[in-house]
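Below is one structure, written out as structure tokens; the observations come after it.
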Amino acid sequence: MFFQIVILQVPAIAYGGPKTTGDQPSPSSTKIAESLVLIEFVADLFPNSSLLPKDPVLRAKTRFFIDTFANKFGPALFTFQSGKAPNGAEGIFSAIGQLQDLMAPEGLAIGDGTEFTLADAAVIPFFGRMEVSLKNDFGAFPEGEGKSTWEALQTDKRFARWKKYWDTAKARESFKTTFDEDYLTKSYSTRWTRA
């Protein structure tokens, strides 16, 4: 089994075929892109991992959590960051409320909260980027609205479960060693400059 990152679209991998450089995948390899597709592909490659729970109910909950995230949170965050949210951060708040309702009472997202699943793999990178964006006020929203939104997510009791989840997720060694906050801060500071 051979994995290789393809630079043409991130994230993406080329699977199979002879070993080559990442920017020149083998024509005989299969190219796979899109983060949600990739995490499920990895779960299929490693069926003994906890990524996709064995229990069919937990598996369904995992997929429903990801679906809710993709269809509620993603669009709400994009609309807010692009400055086109008619009700400010309310879309983000509503989506996070819906995700909280699907979360385990403690720990990580699904089941008893002790196993890292596809649900966590799907949302954690986005929550990390959201934190960098909002707490630094990077976005096309009115100045100060990012910071006030982040402050609400940190202090408002409505989001207590989400905050506990996010604190747990950020404390994971895998997050700490792979999430490059400095890089994102620099990147967002040039992307979201205010006039």
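Okay, here's what the table says:
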quantity: Pick from the range 74-95, criterion of a type in the set (A, V, I, L, M) and in a helix (DSSP H, G or I), ranking: nearest to Gly113 (Cα to Cα); calculated: Ala95
quantity: Pair list, Cβ under 6 Å, 6 or more apart: the range 135-164 residue at positive phi, other residue modelled with pLDDT of 95 or more and basic (Lys, Arg); calculated: Asp137/Lys147
quantity: Scope the range 166-195; condition of a type in the set (S, T, N, Q) and in contact with a Lys or Arg (Cβ under 7 Å, 6 or more places away or on another chain); matching residues; calculated: none
quantity: Test result for Ala60, over 18 Å from the mean Cα position of the chain (by Cα) and of a type in the set (Gly, Ala, Ser); calculated: yes
quantity: Index of the failed condition, Thr62 passing every other in (1) of a type outside the set (A, V, I, L, M, F, W, C); (2) in contact (Cβ under 8 Å) with a residue 12 or more places away in the chain; (3) farther than 30 Å from Trp192 by Cβ; (4) not assigned by TED's automatic domain parsing to the domain that holds Lys164; calculated: (4)
quantity: Pairs, first among the basic types (Lys, Arg) in the range 119-130, second at pLDDT 95 or above and in a helix (DSSP H, G or I), C-beta under 9 Å, six or more apart; calculated: Arg129/Leu77
quantity: Filter result for Ile39 (part of a helix (DSSP H, G or I) and modelled with pLDDT under 95); calculated: yes
quantity: Number of positions in the range 5-30 that are over 21 Å from the mean Cα position of the chain (by Cα) and at pLDDT below 85; calculated: 6
quantity: Test result for Asn71, part of a helix (DSSP H, G or I) and in the same structural domain as Asp137 (by TED's automatic domain parsing); calculated: yes
quantity: Residue ranges of helices (runs of 4 or more DSSP H) in the range 96-195 with at least 2 members hydrophobic (A, V, I, L, M, F, W, C) and surrounded by fewer than 17 Cβ atoms within 10 Å (Cβ to Cβ); calculated: 160-171
quantity: Hits in the range 42-90 - residues which are modelled with pLDDT of 90 or more, of a type in the set (Gly, Ala, Ser) and touching an Asp or Glu at 6+ places or on another chain (Cβ under 8 Å); calculated: Gly88, Ala89
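Residue-by-condition table, conditions (1) basic (Lys, Arg); (2) more than 11 Å from Thr62 (Cβ to Cβ):
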site	(1), (2)
Gly91	no, yes
Ser94	no, yes
Gln100	no, yes
Glu106	no, yes
Gly111	no, no
Glu115	no, no
Leu118	no, no
Pro125	no, yes
Arg129	yes, yes
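The values are calculated or read from the model by the stated rules, or taken from the named source; none is laboratory data. What you are looking at is a predicted structure, and each value in this text was computed from that prediction instead of being measured. All Cβ positions, even for glycine, are placed from backbone atoms using ideal geometry, and neighbour counts span all protein chains on display.
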